[in-house]
Amino acid sequence: MLAAAMLGTLALTACEMPGDDKDKAEGTPTISAEPSGSAPSADASDPGSSPAASPGATDATGKKPGGTKTPTGAASPDSGGKSGPRVLVSAARTGGYERLVGDGAPSDVPVDPGEMTDENNLVVVAYGKTPTSPREVLFVGVDGLATTDGKRVEHMVRGMIDYVNGDGGSVPEGVTMKTYAPGPLGGTVECMPAQDAYPAAICAWSDNNTVAVAYFDKLSADAAAKKLVEMRTDLEK
């Protein structure tokens, strides 16, 4: 979407995420992972949390569920190699893609990122072959975390599954997240197939300061994992 000691393998089985009663409807995959002990998480007892968002849950006015705040897009500057926690940025180009603009750019937040504070930065961005071509990558990430946040990863992966299915897709039942080498930035990277009829993947990364989930259209899980590792060097500064 993670490190074995913290999260275990993200399997599409029962889990303790907000909105489980709705998510466990017949034919709807869910995920489980061992939650981290101290990081903020989205759970049913937190009034500032909500289940993973479905398409259209937010709008261009920035109104979002779960106590989230308006995404900053490209507001986080490149750190230029300075020391300190990494931040997420909305890179103009990454992994052979270009950031979509105009009608192709996200107009809402397709995946509820969970509880947000003033320390967190939310980046929502889409990519294609050109700035006006069809979308091939949808990315949602949060930085400003204090530790690896397994519950947030669960929540965001589940939200991306819901989004893909609600957007006309069909995430295969019974698939599991496979762990891949995370690349030079460390942390964990996992991916799984995201369509029955053609190659597509949902991937996630997590480290001590950031969590992100991405949907890759037209790439297998193996290919998407390699692409996400490549993109991290531009998106996590």
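General remarks:
- Under the Karplus curve 6.51 cos²θ - 1.76 cosθ + 1.60, θ = phi - 60°, whole-Hz ³J(HN,Hα) for segment 216-224, x wherever Gly or Pro sits: 10, 7, 6, 10, 5, 4, 4, 5, 5
- Other-chain or far-sequence residues with amide H under 5 Å of Gln195's (modelled H): Ala200
- Across segment 170-185, rounded Karplus estimates of 3J(HN,Hα) from the backbone phi angles (6.51 cos²θ - 1.76 cosθ + 1.60, θ = phi - 60°) give 8, 5, x, 7, x, 7, 10, 6, 9, 7, 10, 4, x, x, x, 8 Hz, Gly and Pro being marked x.
- Among the listed pairs Lys151/Lys226; Lys129/Lys237; Lys151/Lys227; Lys151/Lys218; Lys129/Lys218; Lys178/Lys226, a Cα-Cα separation exceeding 19 Å is found for Lys151/Lys226; Lys129/Lys237; Lys151/Lys227; Lys151/Lys218.
- Integer Hz, Karplus 6.51/-1.76/1.60 couplings in order for segment 189-198, x for Gly and Pro: 9, 9, 9, 8, x, 10, 9, 7, 8, 7
No lab work stands behind these numbers, since they all come straight from the coordinates. It should be emphasised that the depicted structure is a prediction, and the values quoted were computed from it without experimental measurement.
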